[in-house]
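Asker: Below is a structure I'd like to ask you about.
The values are calculated or read from the model by the stated rules, or taken from the named source; none is laboratory data. None of the values given here were measured: they were computed from a predicted structure. Note that each Cβ is placed from the backbone with ideal geometry, even for glycine, and that neighbours are counted across all protein chains shown. What goes into the accessible areas is simple: the full protein's heavy atoms, side chains included, and nothing from ligands, DNA or RNA. Shrake-Rupley method; radii C 1.70, N 1.55, O 1.52, S 1.80 Å.
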Amino acid sequence: MEFTNLYINGGWHEGASKERFDVLNPSNETVLASVASAEISDADAALDAAEAAMKEWAARTPRQRSEVLRKAWELMTERLEHFAKLITLENGKARGDAMGEATYAAEFFRWFSEEAVRADGMITHAPASGARIIVQHKPAGIAVLVTPWNYPAAMGTRKIAPALAAGCAVIIKPASETPLTMLALMPLLEEAGVPAGLVNVLPSRRTGALVDHMLHDPRVRVVSFTGSTSVGRKLLHSAADQVLKPAMELGGNAPLIVFEDANLKTAVEGTMLAKMRNLGEACTAANRIYVHESVAGDYTRKLVEAMGKLKVGDGLDPSVDVGPLVNADTRDKVTAFVEDAVSKGAKVELGGKPVQGTGFFYPPTVLSGVPQNADCVQDEIFGPVAAIQTFSDEEDVIRRANDTEYGLVAYVFTENMRRGLSVCERLDYGMVGFNRGLVSDPAAPFGGTKQSGLGREGGHEGMLEFMETQYISASW
């Protein structure tokens, strides 16, 4: 692997401690690369570089920033195969899934190249005083971006692109399991015209101390995090000390509801997307599947048939549909969820046992009759397990769907448009897929309610997370 050091101020550095950590291939458990581990002094160097670079970048016109982002999209689109292979190597997901992520990741550069020129303000008269009210948006400041391992490219570009569009500099702390994709993106950004110091990448095994230090530096004004709710709460505590702008995309426990009048072909296809995209290692993954009792048998049979056709293996093999989970802990957690559900009365319709041998593989699994007290109903499975429950009453299933501290995404399948929209509006979630198993789109505001986070990523709102609104009261 070529790019394995810290990326600070446009250069590659071993790091002050000279310490390194291994990144594994989850398909065969071999070491892909040894990566430099950042410490506090490296973070200070990155902050110094970001502070200097942002002054010039923020002074550029929106169109100038836009053109750099557009070039980044063009370059990444030309190199999708390269990034997809790297994603598969360090994350494990199948090549087709990795190509989907790389395409999605690149699209954030194009979308925010267009949004960069649309930070619209306002001029109006104050009704009482007659003064002019001038409202404009300005870059908030240096942003610390903390990204997860499940989407090594997309979770980075979803934050980098709006921050640069807004005029901010960034420091990225990628997940230790998957830092290689983000590091490999840096030469591309250089080629696109991103100035040295504007984007810095700090892999580290000392994540907590490193990020906490940066969040207490007065030059940092934004923190954007994607990950678990428990870690998000800790970051919010640290952010409060400096009153930072937080953008938090946290955990989920997504319900997927199939009504009796649903098109079962559409519902199963939607479930396959919502459950098996990224092997279920996504906060948007369908976690609790509620099927009307009158169609539960047919739905389960069709889902088992679809899941049973998926081939498990090394994600680099083009015939493989399902790669390994990211690490042993994730595989063991999924195993424990299934064993717990079965011990409490669930029936295994497909799969249900980890694959023996090298690699962190778990097969596509379908459970029926999952009881409400099963651990997988209360917490994110984060794996390829479809946990099915039944319902008979609309009011009851809405109550059950909302009965969680999370509120990221829900899915609804029905051919009745009036009922569908009514149910969507009554679900306490930031996003709802209506007859669709995929909600993520760079043009849409991604985010949740309750313990699933604060703020939005994507859409126009995604850029505003990195901007401050300024009001000028003027007379002339």
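Asker: Among the residues in the stretch 168-187, are any more than 20 Å from the chain's Cα centre (by Cα), surrounded by fewer than 24 Cβ atoms within 10 Å (Cβ to Cβ), in contact (Cβ under 8 Å) with a residue 60 or more places away in the chain and part of a helix (DSSP H, G or I)?
Answerer: yes
Asker: Among the residues of the stretch 224-247, which ones are part of a strand (DSSP E or B), surrounded by fewer than 24 Cβ atoms within 10 Å (Cβ to Cβ) and either among the hydrophobic types (A, V, I, L, M, F, W, C) or touching a helix residue (DSSP H, G or I) at 6+ places or on another chain (Cβ under 6 Å) (or both)?
Answerer: Across the stretch 224-247, the qualifying residue is only P246.
Asker: So which of D298, D321, D261, D317 ends up being touching a Lys or Arg at 6+ places or on another chain (Cβ under 6 Å), farther than 30 Å from P162 by Cα and among the charged types (D, E, K, R)?
Answerer: Result of the check over D298, D321, D261, D317: D321.
Asker: Take the stretch 19-36 and flag every residue that is within 22 Å of the chain's Cα centre (by Cα) and hydrophobic (A, V, I, L, M, F, W, C).
Answerer: Correct list: V23, L24.
Asker: Considering only residues of the stretch 370-393 that are open to solvent by 50 Å² or more (accessible area, probe 1.4 Å) and in contact (Cβ under 8 Å) with a residue 40 or more places away in the chain, which is farthest from R331 (Cα to Cα)?
Answerer: Looking only at the stretch 370-393, we keep the residues that are open to solvent by 50 Å² or more (accessible area, probe 1.4 Å), and these are 372-373, 375, 378-379, 390, 392-393.
Okay, now just the ones that are also in contact (Cβ under 8 Å) with a residue 40 or more places away in the chain, so 378-379, 390, 392.
Values: Q378: 18, D379: 15, T390: 27, S392: 33 Å.
Looking at the filtered set, the residue picked out is S392.
Asker: Of the conditions (1) open to solvent by 10 Å² or more (accessible area, probe 1.4 Å); (2) out of contact with any Leu (no Cβ under 6 Å at 6 or more places or on another chain); (3) in a helix (DSSP H, G or I), L273 clears all except one; give me its number.
Answerer: Against the list (1) open to solvent by 10 Å² or more (accessible area, probe 1.4 Å); (2) out of contact with any Leu (no Cβ under 6 Å at 6 or more places or on another chain); (3) in a helix (DSSP H, G or I), L273 comes up short only on (2).
Asker: Of the residues that sit in the stretch 74-99 and are in a helix (DSSP H, G or I) and among the basic types (K, R), which one is least open to solvent (accessible area, probe 1.4 Å)?
Answerer: R95
Asker: Pairs please, first residue from the stretch 427-453 and within 23 Å of F109 (Cα to Cα) and open to solvent by 20 Å² or more (accessible area, probe 1.4 Å), second anywhere and in a loop (DSSP other than H, G, I, E, B) and among the basic types (K, R), Cβ atoms under 8 Å, 6+ apart in sequence or on different chains.
Answerer: P445/R456
Asker: Which of the residues spanning the stretch 9-45 are in a loop (DSSP other than H, G, I, E, B), farther than 30 Å from K311 by Cβ and not polar (S, T, N, Q)?
Answerer: Of everything in the stretch 9-45, those that are in a loop (DSSP other than H, G, I, E, B), farther than 30 Å from K311 by Cβ and not polar (S, T, N, Q) turn out to be G10, E14, G15, A16, K18, E19, A38, E39.
Asker: Another one. Restricting the stretch 280-296 to residues that are in a loop (DSSP other than H, G, I, E, B) and of a type outside the set (V, I, T), which is surrounded by the most Cβ atoms within 10 Å (Cβ to Cβ)?
Answerer: Across the stretch 280-296, the extreme among qualifying residues is A285.
Asker: Let me ask something else. Would you mention how many residues in the stretch 353-400 are touching a Ser or Thr at 6+ places or on another chain (Cβ under 6 Å) and of a type in the set (D, E)?
Answerer: Final tally of qualifying residues: 0.
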